Every structure is written in structure tokens, then in C-alpha cells.
Amino acid sequence: MFLIILIKSLIIGGLVGVGVGAGAARMFHAPTTQGMGAFRTLGELNSCEGDPASHFSFGLGFFFNAWASSVAAGSFTQDVDHRIIPNWGAAALMLKNRNVGETLHDPKKMAISCGIIGMIVVAFLNLTASSVPEALQVTAVKVLVPAANLLVNTVMPVIFWLAAIDAGKNQASGRRFSAAPRS
């Protein structure tokens, strides 16, 4: 059973990742090219300003919620394909090259990167969810889901709020931490 779940997860994760990665990258070329990504994904990718650590940490914040949901309820949240895969795919691409025009905005590179990330994420979530006995899933629903919701709904907004204050201070002082090229 483990091998069947692994193979199916790798196939599905790869297909989802390719679609999400190419779609998100094509959104940057609208209106000349039709994109199939969500505007929220586009905005969240832009908010990280080409910084690999920001992309990774943004996706990581939603990963724990998605993991808790998959273990407890046996289903994925929308965060897997709208937030985790595209942000981690972008982070992987930008480790060596922070030029968003050559990485994040390139549908082919994003499709490949997100395809690989999708395979890993979906396989991990499915394998951990399938390894939890049914008796423990009842406890997980009562404990993990509320804890993950508290993290996403309370803790993460405070962290983003503090980051926005810090960014405002940096902008006021003239310091710039953006990885985007200066004009």
C-alpha cells in the first residue's frame, strides 16, 4: 500500500506542481499572455520581493496547517497549491539567481521547479496521513486542526504585522533589503 500511495502521490504532485508553477509564472505576463494562476497567488509571490527565505518561510507557515488537515481530516487545503508549492518552487529557483525576470516570471523554470516541489510535498502529506491509525485521527482532528488554525489565524497575522512595521522602518531610514534589482 505504501508504494501505491507513493507512486500516485508523485504523479499527482508533479502534475499539480507543473500546472501551478507555469500558471503562476504566466500571471506575470498578463494581459499579453493568458495566465491560469490565482490573483492571490500572484500577490503573495510579489510580496516576497524575490527573496528565497521569504518565499520559503511564507510557504512554511501554511505547510503546518495543510499537514495538520491532511493528517487529521485526510484532505488537502487550498494552501498546498496556492501558497506552499509556488512559494517553495520560487525559493528553490532563487537560491542561485535572484533575478525574478529569469526565475519567477519564467513559466518553464517555474513549472519544473514547482513540479519537483509538488511531488515532494504531496508525497510527504499523503504518506504521513496514511500512516496515522484511524483511532488517532479522531484525536488529531480535536487537537491539530484547532492548533493549526490558531497558528494561521492569530500568530501569522501578528508576524506579518511586525514584518510590515519593520519594513516601514527600513524604508523610512533608506535601507533596502529587497532582492529585486535597483533601478
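The values are calculated or read from the model by the stated rules, or taken from the named source; none is laboratory data. Keep in mind that what you see is a predicted model, and the values were worked out from it rather than measured. Note: ideal-geometry Cβ built from the backbone for every residue, glycine included; neighbour counts use all protein chains shown.
The set of residues in the range 56-76 that are of a type in the set (A, V, I, L, M), at pLDDT below 90 and surrounded by fewer than 22 Cβ atoms within 10 Å (Cβ to Cβ) comprises VAL71, ALA73. The selection criterion, being over 24 Å from ALA167 (Cα atoms) and buried (at least 16 other Cβ atoms within 10 Å of the Cβ), holds for ILE112.
Within the range 77-108, being out of contact with any Ser or Thr (no Cβ under 6 Å at 6 or more places or on another chain), crowded, with 17+ Cβ neighbours inside 10 Å and of a type outside the set (A, V, I, L, M) holds for ASP79, ASP81, ARG83, ASN87, TRP88, ARG98, THR103, HIS105, ASP106, PRO107. If the condition is being surrounded by 20 or more Cβ atoms within 10 Å (Cβ to Cβ) and closer than 18 Å to HIS82 by Cβ, then the range 127-164 contributes only ALA148.
So that you can scan it fast, the table gives a plain yes or no per residue for (1) at pLDDT 95 or above; (2) farther than 20 Å from LEU42 by Cβ; (3) among the charged types (D, E, K, R):
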{"site": "THR103", "(1), (2), (3)": "no, no, no"}
{"site": "MET110", "(1), (2), (3)": "yes, no, no"}
{"site": "ILE117", "(1), (2), (3)": "yes, no, no"}
{"site": "VAL132", "(1), (2), (3)": "no, yes, no"}
{"site": "ALA147", "(1), (2), (3)": "no, yes, no"}
{"site": "THR154", "(1), (2), (3)": "no, yes, no"}
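For GLY168, the stated conditions hold: it is loosely packed, with under 15 Cβ neighbours inside 10 Å and either touching a residue at least 40 places away in the same chain (Cβ under 8 Å) or not aromatic (Phe, Trp, Tyr) (or both). Within the range 81-89, the presence of at least one residue that is more than 30 Å from LYS142 (Cα to Cα), part of a helix (DSSP H, G or I) and at pLDDT 85 or above is confirmed. Answer with yes or no whether VAL20 is surrounded by 14 or more Cβ atoms within 10 Å (Cβ to Cβ) and farther than 23 Å from ASN97 by Cβ. Judged against the criteria, VAL20 is not a match.
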